[in-house]
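The values are calculated or read from the model by the stated rules, or taken from the named source; none is laboratory data. Note that this is a predicted model, so its numbers are computed, not measured. When we count neighbours, we look across all protein chains shown, and the Cβ atoms used for this are built from the backbone with ideal geometry, even at glycine.
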Amino acid sequence: MPMKVQIHKLFDYLLETTAQTPEAIVGFSLSTSPQLGDFLGDLDPNLSLDWNQRSFRGLPALRDHILTQAGLTGICSADDVLVTAGAAEANYLVLRQLLQPGDRLVTDTPGWPQAAVLGRAQQADVVAVPRDEADDWRLPLDRLRDAVTPGTKLVFLTNPNNPTGRMMDASALVEAVDIARAAGAWLLVDEVYAGLEWEGPRAPSVAGLYERGITTGSVSKALGLQGLRTGWLICRDPSLVMDALILRENSSEIMNIMGEVIAEIALRPTRLASALATARAEGQAGLARMDAFVRATPGLTWIRPQAGLIGLAHLPDGLDGEVFARALLAPPYRTFLLPGAAYDLPHHIRLGVGGGADTQLQLGLDRLAACLKDMT
Ligand SMILES: Cc1ncc(COP(=O)(O)O)c(C=O)c1O
């Protein structure tokens, strides 16, 4: 019997706090967002805002750029790419089309809650593989191997991981592929945070490693273009892409033309390289500042993220993350961050350095320190 999709703590907290007007934010996951004016020189004023006669899979040039940035040119074809309304829609289309009641879905925790939320709605058997802070939030491949029993339908991972910023490198990914293949499972790797790796190269995209590998991503995070609602899925299995296309026809139906056009400009290789260089410089500086802050703040510890702009910090013993996040959001601190409860971790908070100058990061850190002092 179909079930309603239930709210998750992460969204519940965002919904509840969105009407507040914080003066600072210390949890942002996006690079500084460009403005529309940054693209005007490359936009065609005569572009028709009709959509007829366009490809249901997305603009061909955009799909080419998507393959190029993922290192999949020559490995996957443009027909293996479906442009979607963000990585969120790409994940949705896959989870909704693949999972039947009773199917086994294996995902990591802490991780991106979308898989478990939709898996439960599909009445799948959702199995979470825990990552340990003591092991620097590494994905434990031995636990993954135990969890992915024969007949498992889907393994859903994020790489880099949200919320820890932990990365799986090429050899770990190859091992994950072996585990999935042995069980006959699909392997979806959401790489929405790719492009901001701090300690090594970008990891390979799973669509190139495995015929049942599904890569999802978007322009939302490293490029700060979340509002375009433009992402993708890549898979070499034509039936998987077709199933996603069929469901998309019955949800958002077609693409948002402005999203496609601006994303195509943003992903042109030269422009992408320079946007990523800027985002990386800002991200490095922000993370250095955050790391220094955590080290200098009594009782606070974290595992510095290997990629992306967010990480998890452990609060002093006895302090509840949600109680702390709510106190920090209220006057006089008026600073927003996500409590670890959004990831089933009650003693953590999610710290982030994205969002650019508007987030008032230094002000937020000063207030975080003051609030912590008051509460401990
Ligand atoms: C792991 C992960 N996947 C997907 C999304 C959704 O991203 P998009 O804006 O591309 O839909 C997010 C956004 O926070 C995310 O963290």
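Computed values, structure above
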item	result
Positions within region 138-168 being under 22 Å from the mean Cα position of the chain (by Cα), more than 15 Å from the ligand (Cβ to nearest atom) and more than 11 Å from Leu105 (Cα to Cα), in sequence order	Arg138, Pro140, Leu141, Leu144
Residue ID - farthest from the ligand (Cβ to nearest atom), chosen from residues in region 53-83 that are part of a strand (DSSP E or B) and surrounded by fewer than 23 Cβ atoms within 10 Å (Cβ to Cβ)	Thr73
Cβ-Cβ under 8 Å pairs, at least 6 apart or on other chains, region 63-74 side within 15 Å of Ala263 (Cα to Cα), far side modelled with pLDDT of 95 or more and of a type in the set (Phe, Trp, Tyr)	Arg63/Trp232; Ile66/Trp232
Output for region 280-292, where each listed residue is surrounded by fewer than 22 Cβ atoms within 10 Å (Cβ to Cβ) and among the hydrophobic types (A, V, I, L, M, F, W, C)	Ala281, Ala285, Ala288, Ala292
One residue from Ala263, Ala275 being at pLDDT 95 or above, assigned to a helix (DSSP H, G or I) and outside the structural domain of Asp358 (by TED's automatic domain parsing)	Ala263
When residues of region 13-33 are limited to those that are surrounded by 10 or more Cβ atoms within 10 Å (Cβ to Cβ) and away from the ligand (no atom under 15 Å from the Cβ), the one nearest to Ser220 (Cα to Cα)	Thr32
Test: residue in region 84-107 that is touching a Pro at 6+ places or on another chain (Cβ under 8 Å), within 15 Å of the ligand (Cβ to nearest atom) and farther than 17 Å from Ala183 by Cβ	no
Hits in region 92-135 - residues which are farther than 12 Å from Val5 by Cβ, of a type in the set (S, T, N, Q) and buried (at least 19 other Cβ atoms within 10 Å of the Cβ)	Thr107
Identity of the residue in region 212-259, among the polar types (S, T, N, Q) and without any contact (Cβ under 8 Å) to a residue 40 or more places away in the chain, that ends up farthest from Asp80 (Cα to Cα)	Asn250
Search result, residues across region 231-247 that are under 20 Å from the mean Cα position of the chain (by Cα) and more than 10 Å from the ligand (Cβ to nearest atom)	Leu233, Ile234, Cys235, Ala244
Conditions (1) part of a helix (DSSP H, G or I); (2) farther than 13 Å from Met255 by Cβ; number of the one not met by Asn46	(1)
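Rundown of residues vs (1) within 10 Å of the ligand (Cβ to nearest atom); (2) at pLDDT 95 or above; (3) within 30 Å of Arg104 (Cβ to Cβ); (4) in contact with a helix residue (DSSP H, G or I) (Cβ under 9 Å, 6 or more places away or on another chain), yes/no style:
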position: Ile179; (1), (2), (3), (4): no, yes, yes, yes
position: Trp186; (1), (2), (3), (4): no, yes, yes, yes
position: Ala194; (1), (2), (3), (4): no, yes, yes, yes
position: Thr216; (1), (2), (3), (4): yes, yes, yes, yes
position: Arg229; (1), (2), (3), (4): yes, yes, no, yes
